[in-house]
1. Give the lysines whose C-alpha is closer than 23 Å to that of A:Lys277, dropping any in the same chain fewer than 8 places away, or say none.
2. Most mobile of B:Thr240, B:Thr158, B:Thr288 per a Gaussian network model of chain B (Cα springs, under 10 Å)?
3. Using Cα springs under 10 Å in a Gaussian network model of chain B, which residue among B:Gly283, B:Gly125, B:Gly266 shows the largest mean-square fluctuation?
4. Residue by residue through segment B:8-19, which ³J(HN,Hα) values in whole Hz follow from phi under the Karplus form 6.51 cos²θ - 1.76 cosθ + 1.60 (θ = phi - 60°), with glycine and proline marked x?
5. Quick check: pseudo-label points 7 Å beyond the Cα along Cα→Cβ at A:Ser361 and B:Thr240, how many nm apart are they?
6. Within a 10 angstrom radius of the beta carbon, how do B:Arg262, A:Arg517 rank from fewest other beta carbons to most?
7. What is the extension gain from A:Gln115 to A:Ser397, computed as 0.36 nm multiplied by their sequence separation minus the C-alpha to C-alpha distance, in nm to one decimal?
8. Based on the Cα atoms of segment A:391-519, what semi-axes does the equivalent ellipsoid have, where each is the square root of 5 times one gyration tensor eigenvalue, given in whole Å with the largest first?
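Values quoted throughout were computed directly from the atomic coordinates according to the rules given, and no laboratory measurement underlies them. None of the values given here were measured: they were computed from a predicted structure. Cβ sites come from the backbone with ideal geometry, for glycine too, and all protein chains shown count toward neighbours.
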Amino acid sequence: MSHDIKTGPSRRSVLAGASAFGAATLAFPRMSLSQDGTVLTVRSYSDLQILDPAYRLSAPEGDIMRAIYAGLITNEPGDDWTWTPYGVDMIEQLDELTIAFRLRDNIGFTDGYGQMTADDVKFSIERVANPENESPYAGDWAALREVEVTEERAGLIHLNEPFAPLWNSTLPTTTCSILSRAALDALGGRIATEPVAQSGRYLLTEWTPRQRTVLRRNPDWAYEPGGYDEIIILPIEDPSTAELGFEAGDIDYTWTAVSSIARMQETPPEGGVVVEKPSLAYVWLGMNKDVAPFDNPNIRRAVQHAIDTETVVDAAYFGAASTSTGIIAPGLPGHREANLYGYDPDRARELLAQEGVTDLSITLDILNQSERLTAAQVIQSNLADVGIACEIKQNDSGTFWTLGSEDGDYWDQLQMIIGRFSMEPDPSWATVWFTPEQIGVWNWERFDNAEYAELHAQGLTELDPSVRDTIYKRMQDIMEESGQYVFLTHEVTGVLHRDTVEPGLKPNGEPLLGEFRPA
Amino acid sequence: MLVYATKRLGLAVVIVSVAMLLLFCMIYLIPGDPASVALGPRATDAMKEALRIRMGLDQPIWVQFWNFYSGAWTGDLGVEVLSERPVLTVVLEQLPFTLALIAGGITWSVALGIPLGCWAAVKRGSLADRFVGVVSVAVIAIPSFVIAIYALLIFAVTLRWLPAIGAGDPGDLGDQLIHLILPSLAVGLGWVGYIARMVRASMLEVLEASHIRTARAFGLPERQITYRYALSIAILPTVTLLGVGIGQMLSSAVFAEIVFARPGIGRLVFDAILTRNFPLVTGAVLVTTVLFVLLNLIADLIVGALDPRVRSSF
């Protein structure tokens with residue numbers, strides 16, 4: 001298979017375009033491209049920068065890699081976090097430390113790299129896990145001992161210790177894409193932006209940087225074929241632009257801005273279907289306990305009582321999202337039913353009076369996005385009600401995401417933030433960022449609790465769901481008891497698609513490109 | 001002329017050098033760690049440090065500047081560290097889209113502005129003149145992003161005559177041109193007003209000139225006088241205005257590229273700043289600076305060649 005990486009229009013086409021432009025300015029009915037077969041046009045929020053599963057930088061890259069590289073298993077579309085075989089015809093957990101797999105017998109790599117073998121599985125998994133390779137996803141295979149090849153297409157995955165997230169957030173994800181050892185050896189160990197040895201339902205046939213990526217159905221894929229002959233992926237950062245593109249008929253599937261969900265549901269675009277999906281993301285108000293005045297637990301508690309989270313979330317998300325009770329979303333082990341400390345401005349004033357605080361001014365750093373700004377403004381108003389003046393500091397993404405890092409020079413001045421993280425469907429993905437070892441890295445509140453750290457480690461190796469449920473609930477109780485967190489929302493994901501498309505979506509609304517089908 | 005050209009070229013080199021220094025300083029005053037932003041939450045300290053070394057951020061700032069400066073003069077703008085593609089390649093991929101957008105904007109502004117200006121001048125003091133005056137000021141006053149959004153809503157969303165997003169099929173020139181219509185209108189419409197006002201003012205001056213009166217005395221048709229003898233002279237200040245306008249159209253192009261989700265230098269720089277992709281920011285801004293300086297240099301040389309007074313006054 002050959003693929004064609006295009007790098008923008010040619011000089012000839014630009015010159016010809018400029019000279020013919022006058023004629024094109026005449027108004028005429030919109031031309032449509034003639035296409036052979038079925039074509040799906042989808043929006044992703046960023047262009048790809050790398051096509052190596054071990055070093056991927058963004059979720060849209062993962063979506064593409066999932067379609068072009070077969071993994072052992074993949075998520076099933078639907079409302080529950082379940083998985084289905086992708087590259088295997090058998091996979092099962094023999095005991096807490098051993099997983100057996102057998103590859104389908106007819107999965108080939110492109111570019112002449114032959115059939116996929118168990119040795120390729122061994123290579124791909126151990127490549128991610130090996131610390132020397134410095135994959136950011138090494139933690140997904142933290143419990144790996146080795147992959148043993150037992151037959152040409154069968155093997156055993158051996159773990160050092162039980163690993164609860166394995167079936168939820170390791171095996172079905174792009175981290176477990178299977179690459180060809182021979183291809184990677186030939187490339188010197190890494191894939192950049194030119195895919196090699198593709199093996200999935202689709203093949204990446206064209207990448208025009210910052211313009212579009214084209215996937216075509218893999219003619220050699222012998223199993224459930226992709227639903228479309230061609231999938232065109234357009235990188236569009238701004239969700240509002242994507243919505244207009246949808247309304248103009250240029251794209252068939254996009255995420256919408258949260259602020260648009262209610263409007264879209266009331267008056268959906270012609271031929272459009274709006275789907276609301278629960279998000280796994282979590283948004284919180286955090287207080288840095290190492291910086292005054294939040295070194296005082298009673299002031300932290302006063303802020304917890306001062307914030308009317310219902311109003312904050314209603315205002316920021318136009319009524320589309322609900323308040324949260326922690327960092328673990330409904331449907332996952334550890335989701336709590338209620339918060340420990342609710343909105344009680346009288347209690348907040350009492351606590352402030354008790355501490356002799358009369359003229360308190362604090363700063364709240366946020367990312368410069370409309371939802372965050374609205375939330376911050378309501379928080380500012382709530383705090384003013386109890387006598388705290390709050391200055392909102394907006395930051396662009398490049399600045400915001402380094403504010404609390406000890407590599408920078410602001411972490412010891414940072415007082416409050418509105419944070420938002422997304423996650424995979426395992427509670428450990430949420431709790432990992434608040435452990436003591438993350439202080440000054442991503443734990444910007446500098447929350448430091450030994451019991452929490454111990455429970456996090458225990459949660460990773462505990463396989464009993466009910467015990468895990470108890471562990472993660474307790475961890476969120478500890479977070480809230482510290483006074484450093486006000487849990488705001490898990491947000492919501494709005495999906496907009498044509499009624500002629502049956503989208504393949506994970507329960508949180510993320511796309512499974514290989515599972516999209518004509519309706 | 002040779003002396004003038006040499007001096008002008010020397011000045012262009014100085015301008016580019018100063019721009020590079022300012023650019024470098026501004027980039028490094030922006031807060032935020034490029035390695036943390038680029039690699040995301042799962043990166044370890046070792047990975048971030050490795051990326052900083054690959055980006056050359058571990059070097060003293062003067063060494064970084066020297067590497068950037070010396071590389072730039074040899075055409076080596078470095079490597080985009082995440083995709084490992086040469087920065088110059090990445091920039092040159094995007095440049096044609098922006099140039100096409102600006103060319104389209106100029107086409108709109110010339111195609112509409114010159115006839116409107118001529119019409120207003122010929123119909124001086126009439127209702128038509130006043131109408132053109134109001135329209136000209138109105139399109140100058142409306143920000144280009146507002147024009148972009150309304151054009152998109154009307155022609156793409158409501159009427160569905162034109163596409164809303166993208167730059168068209170890479171292999172299909174017709175499709176690319178259709179995708180260029182709305183964004184270039186957004187970029188060029190404001191300039192319709194400037195050009196109409198400028199052409200009207202110049203035309204009124206020229207129409208009073210003695211050679212035009214002579215032409216009228218010979219009984220030449222009014223249309224021929226206006227478009228053949230008056231406009232050919234009145235158009236010269238407009239050409240100069242357009243030369244300056246290219247810089248402003250570059251700014252408008254950023255909005256158009258974002259609103260219409262088009263590739264291009266504006267969006268490239270915008271995204272690169274957000275992700276603190278310093279090699280890409282410096283490379284893209286440097287290329288556009290050089291381009292702008294080069295165009296101005298060419299314009300100055302042409303003017304100098306045509307007008308000896310300009311050469312002697314430099």
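1. Straight-line reach from A:Lys277, under 23 Å: A:Lys506.
2. Of the options given, B:Thr158 has the highest mean-square fluctuation.
3. B:Gly125
4. Coupling constants for segment B:8-19: 5, 5, x, 4, 4, 4, 4, 4, 5, 4, 5, 4 Hz.
5. So the label points at A:Ser361 and B:Thr240 sit 5.2 nm apart.
6. A:Arg517, B:Arg262
7. Stretched out fully, the A:Gln115 to A:Ser397 stretch lengthens by 97.2 nm.
8. On the way: eigenvalues 200, 108, 31 Å².
Its equivalent ellipsoid spans semi-axes of 32, 23, 12 Å.
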